[in-house]
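Note sheet for the following structure.
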Amino acid sequence: MKNSEILSCFQCGTCTGSCPSGKYTSLNVRRIVKDSIKKDISDQCDLWMCTTCYNCQERCPRGIKVTDAILSLRAEAVKKGRILPAHRVVCKFLIEVGHAVPIDDIHIAIREKIGLSQPETVSKYPKALNDVKILLESCGFNELVKE
Ligand code: SF4
Ligand code: SF4
């Protein structure tokens, strides 16, 4: 997000009032916008409470790309090694089996019982899985999410 754009925020709170996640978590998107102007907020857990629904971005009367800004702030946080433990687990799954949420043995058994094969996903195809691994390695993803 351009500085000039974010500086046009007049703290109306429309973003916070539109935020479904903020109703159930500590996320206060208006505060994130405000704080991001004056300090490094890459260690704030609230950054990770956003579901990227884009409500705030669509409704901001100043046209500020709020959700895109949150995604950029997250990217910066990850570059500094600041990732929630739960997200590291998801990254690990992606590296190992090509899926953020892999199917487990229980669900494979249930599928077999009702006549369904394994889902048509990358983990069913060793070559495709290997391609994903090469891709993740070559773009630096593995290094980025390392403990
Ligand atoms: S809706 Fe836009 S102008 Fe209003 S507080 Fe949020 S970012 Fe600022
Ligand atoms: S995109 Fe994120 S911050 Fe914006 S309204 Fe949705 S959950 Fe809230």
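When C45 is tested against (1) hydrophobic (A, V, I, L, M, F, W, C); (2) assigned by TED's automatic domain parsing to the domain that holds F141; (3) surrounded by fewer than 14 Cβ atoms within 10 Å (Cβ to Cβ); (4) under 30 Å from E137 (Cβ atoms), just one condition goes unmet, and that condition is (2). Selection over segment 43-57 of residues that are within 11 Å of ligand 1 (Cβ to nearest atom) and among the polar types (S, T, N, Q) gives a count of 2. Listed conditions (1) part of a helix (DSSP H, G or I); (2) in contact with a helix residue (DSSP H, G or I) (Cβ under 9 Å, 6 or more places away or on another chain) are all met by R111, apart from (2). Quick test for you: out of I106, I6, pick the one residue that is over 14 Å from the mean Cα position of the chain (by Cα) and away from ligand 1 (no atom under 16 Å from the Cβ). After ruling out the rest, the residue left standing is I106.
Of the residues making up segment 58-72, those that are near ligand 1 (Cβ under 9 Å from one of its atoms) and surrounded by fewer than 20 Cβ atoms within 10 Å (Cβ to Cβ) are R59, P61, R62, G63. The set of residues in segment 37-67 being within 14 Å of ligand 2 (Cβ to nearest atom), under 16 Å from L7 (Cβ atoms) and not in a loop (DSSP other than H, G, I, E, B) consists of V66 alone.
When you go through R88, R82 one by one, which is the residue that is closer than 30 Å to Q118 by Cα, at pLDDT below 95, among the basic types (K, R) and more than 16 Å from ligand 1 (Cβ to nearest atom)?
R88
Considered as a group, the residues in segment 111-140 that are on the phi < 0 side of the Ramachandran plot, surrounded by fewer than 12 Cβ atoms within 10 Å (Cβ to Cβ) and not charged (D, E, K, R) include one that is modelled with the lowest pLDDT, and that residue is S117.
Only residues that are assigned to a helix (DSSP H, G or I) and surrounded by 12 or more Cβ atoms within 10 Å (Cβ to Cβ) were counted in segment 1-36, giving 16. Pairs are defined by a Cβ separation below 9 Å, a sequence spacing of at least 6 or placement on different chains, a first member in segment 17-40 that is free of Cβ contacts under 8 Å to residues at least 40 places away in the same chain, and a second member that is within 9 Å of ligand 2 (Cβ to nearest atom) and basic (K, R); the pairs so defined are G17/R59.
The values are calculated or read from the model by the stated rules, or taken from the named source; none is laboratory data. It should be emphasised that the depicted structure is a prediction, and the values quoted were computed from it without experimental measurement. All Cβ positions, glycine included, derive from the backbone under ideal geometry; neighbour counts span all protein chains shown.
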